[in-house]
Structure formats: structure tokens, C-alpha cells
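Asker: This structure is in C-alpha cells; I'll ask about it shortly.
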Amino acid sequence: MSKKDQIDKNKLPKHIAIIMDGNGRWAKGFGKFRIFGHHNGVTAVRDTAEAAAEIGIKFITLYAFSTENWSRPKKEVDALMELLVDTIRKETPTLQKNNIKLASIGNMNDLPAKCQIQLQETINATKNNNGLTMVLALSYSAKWDMVNAIKSIATQVKNNEITIDDVNDQLIDKHLSTSEMPHPELMIRTSGEQRISNFLLWELAYAELYFTSKLWPDFSKEDLYDAIYDYQQRERRFGKTSEQLNSN
Ligand code: IPE
Ligand code: IPE
Ligand code: MG
């Protein structure tokens, strides 16, 4: 039986964040260049998005390229940017078919112009879709986002638009690039690495973390269902005791 049938549809996470890791190692396993792994990772993106849309998840955020990834060899960075443009263009009909809205977070100004243009085109084309929102984190890092948020809050204080006492959790949420979405309840990382790598540090404060040794190109719909099922077996206590949670 598929795990899909065992998932409680009333207890779905609204937002799943995914660190898609292991493309390079996957390619190496076939004796190929790293970019071969990135190309094959696209199928996993399509399957994951489709599975999430089918089951009724509202948001998935996919870590596709980090601020730190700019330090990779130029050849790999260029190939990744090419792949990004190509994939977004080719996948636009699939997004439409599945009622998926595309969004992005990160420092878009850093991306090559044709990436920015293609991204904007598909974001516009899918803006009225109201199923799943698929957020691509591109040239993104949580520290970059937090620095921007702090600067913008400091500017408001300086201009007397708010006072220091107005600074709280909710205000910080509003100034982050994720302000339009709920915080992820579940964070999945593939490839066996167990770290956050500068991803959504603020938003993952109380997320359930799920690590799998599967390499990203091998990640399937069934793997997503497994992760959601696993998440649903956990007790999310938010500082309370188990007895408190079970007393009502
Ligand atoms: C994740 O796979 C994709 C990106 C970071 C763009 P990697 O390229 O990090 O693959 P590994 O971790 O080296 O195997
Ligand atoms: C994290 O993967 C970034 C993305 C998946 C885009 P990395 O492979 O770059 O992470 P580290 O450097 O090994 O932590
Ligand atoms: Mg990696």
C-alpha cells in the first residue's frame, strides 16, 4: 500500500521546505559530470511538485541555488543558470496543468538577465493559479534575507515610522522575503547531510526536520509521502509537555 493512503489529509503541513541535495554525487555514481546530476534533478522537482499539488499542500519552497553556491566553478554555475532558464520555460505548461503558482525568494538581481526575465514571465503567467505555490529559493540565503529585514526595520525606526517597541516576531516576519507564506512545518533534506546550509533560519525555528540518504535525482513522489507520513507521527509540543497536549 502506498504511504499516500495512510496520510491524514486533515493534518497536512501547509508548507514544506526542501534542500535538494546530492546531484553531484548522483552523477559521480554514473561516472558523469556534476551537471548531469542537476539535469536529472529536474524530474524529481516535477514529481515532488505534482505529488504535493495532488495531496493538497499549499506551499513548497525548494532550495535551488544558495548565495554560497556562487563560489562553485564558473562552468557549473553557468550550466545551472542555463538549466534554470530552460526548465522554467519548458515546465510552464506543467505548472498550468497542475494549477501551480510559481514564486521566488532570493537576490534576483544577482541572476543573469535571461534568468530574471524567464522567471518573471512564468511568475506572471501562473499568478492566478490557486493550488500549490512553488517557491524557488535562488541566490538565497537566510542570513542575506535577515540582513535585509534588519536594514529595512532600522530604516523605518530612523524615519520615525515605527518605534523600537514595535519590533516583534510578527514585524520581523513581515520584513522577510517569506512574508506571504506560513512558516514551514516540515523541512526535508536529501543526500544524507544533516545541516541547514543557511536556509530559512528564522522560518524553520519550530519545523520538523527530515533527513533522507536518497540523492535528490532519486527522490520520488513516494519519498515525499514517506516524509509527510513521518511528520504526522511526531508530537509537536512547542515547549509544552506531552500531558498538556493530550489533556484536551
Ligand atoms: C544540490 O546538489 C544542487 C545544488 C546545490 C545546486 P549538489 O550539487 O550540492 O550535489 P552534491 O551535494 O555535491 O552531491
Ligand atoms: C545547499 O546545498 C544548497 C542547495 C541545495 C541549493 P549545498 O550542497 O550547497 O550545501 P553544503 O554547502 O554542502 O552545505
Ligand atoms: Mg550538495
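All of the numbers you see were taken from the coordinates with simple rules; none came from a lab. Keep in mind that what you see is a predicted model, and the values were worked out from it rather than measured. So basically every Cβ, Gly included, is an ideal-geometry build from the backbone, and we count neighbours across all protein chains shown.
Asker: For the range 1-43, which residues satisfy the criterion of being more than 16 Å from A64 (Cβ to Cβ) and among the charged types (D, E, K, R)?
Answerer: K3, K4, D5, D8, K9, K11, K14, R25, K28, K32 - these are the residues of the range 1-43 that are more than 16 Å from A64 (Cβ to Cβ) and among the charged types (D, E, K, R).
Asker: Let me ask something else. Scan the range 48-79 for residues that are basic (K, R) and surrounded by fewer than 17 Cβ atoms within 10 Å (Cβ to Cβ) and jot them down.
Answerer: We begin by selecting, within the range 48-79, every residue basic (K, R); these are 58, 72, 74-75.
Correct list: R72, K74, K75.
Asker: Moving on to the next point. Kindly indicate whether any position in the range 26-33 is more than 14 Å from the chain's Cα centre (by Cα), among the basic types (K, R), under 24 Å from E235 (Cβ atoms) and assigned to a helix (DSSP H, G or I).
Answerer: No, there is no match, as no residue in the range 26-33 is more than 14 Å from the chain's Cα centre (by Cα), among the basic types (K, R), under 24 Å from E235 (Cβ atoms) and assigned to a helix (DSSP H, G or I).
Asker: Starting from the range 1-28, keep only residues that are within 16 Å of Y231 (Cβ to Cβ) and without any contact (Cβ under 8 Å) to a residue 24 or more places away in the chain, then list their pairs with residues that are surrounded by fewer than 22 Cβ atoms within 10 Å (Cβ to Cβ) and of a type in the set (D, E) whose Cβ atoms are within a distance under 7 Å, requiring at least 6 positions of separation or different chains.
Answerer: As it stands, the answer is none, since no pair meets every condition given.
Asker: Scan the range 14-32 for residues that are surrounded by fewer than 17 Cβ atoms within 10 Å (Cβ to Cβ) and more than 11 Å from ligand 1 (Cβ to nearest atom) and jot them down.
Answerer: K14, F30, G31, K32
Asker: Could you tell me which residue of the range 199-223 is surrounded by the fewest Cβ atoms within 10 Å (Cβ to Cβ), considering only residues that are of a type outside the set (D, E) and in contact with a Phe, Trp or Tyr (Cβ under 8 Å, 6 or more places away or on another chain)?
Answerer: Checked the range 199-223; the qualifying residue surrounded by the fewest Cβ atoms within 10 Å (Cβ to Cβ) is Y206.
Asker: Right, next: Give the residues of the range 224-237 that are surrounded by fewer than 18 Cβ atoms within 10 Å (Cβ to Cβ), in contact with a strand residue (DSSP E or B) (Cβ under 8 Å, 6 or more places away or on another chain) and touching a residue at least 24 places away in the same chain (Cβ under 8 Å), sorted by residue number.
Answerer: R234, R236
Asker: Which of (1) without any contact (Cβ under 8 Å) to a residue 40 or more places away in the chain; (2) buried (at least 19 other Cβ atoms within 10 Å of the Cβ) is the odd one out, the single condition D166 does not satisfy?
Answerer: So the condition that D166 fails would be (2).
Asker: So, one more: Only one residue in I88, I100 is β-branched (V, I, T), closer than 18 Å to E121 by Cβ, in contact with a strand residue (DSSP E or B) (Cβ under 6 Å, 6 or more places away or on another chain) and surrounded by 14 or more Cβ atoms within 10 Å (Cβ to Cβ). Which one? Full working, then the answer.
Answerer: Values: I88 fails: in contact with a strand residue (DSSP E or B) (Cβ under 6 Å, 6 or more places away or on another chain).
One residue alone meets the criteria, I100.
Asker: For the range 147-158, does any single residue satisfy the condition of being in contact (Cβ under 8 Å) with a residue 24 or more places away in the chain and within 16 Å of ligand 2 (Cβ to nearest atom)?
Answerer: no
Asker: Next question, about the same structure. Kindly evaluate P184 against the criterion of being more than 16 Å from ligand 3 (Cβ to nearest atom) and either of a type in the set (V, I, T) or under 28 Å from E68 (Cα atoms) (or both).
Answerer: yes
Asker: Exactly one of (1) farther than 24 Å from E203 by Cβ; (2) away from ligand 3 (no atom under 11 Å from the Cβ) is unmet by R25. Its number?
Answerer: The failed condition is (2).
Asker: Which pairs turn up if I take residues in the range 208-223 that are over 20 Å from E185 (Cα atoms) and look for partners that are part of a loop (DSSP other than H, G, I, E, B) and among the acidic types (D, E) with beta carbon separation below 8 Å, at least 6 apart in sequence or on another chain?
Answerer: L215/D21; W216/D21
Asker: If I filter the range 80-91 for residues that are within 13 Å of ligand 1 (Cβ to nearest atom) and under 24 Å from Y229 (Cβ atoms), do I get at least one hit?
Answerer: Scanning the range 80-91 turns up no residue that is within 13 Å of ligand 1 (Cβ to nearest atom) and under 24 Å from Y229 (Cβ atoms).
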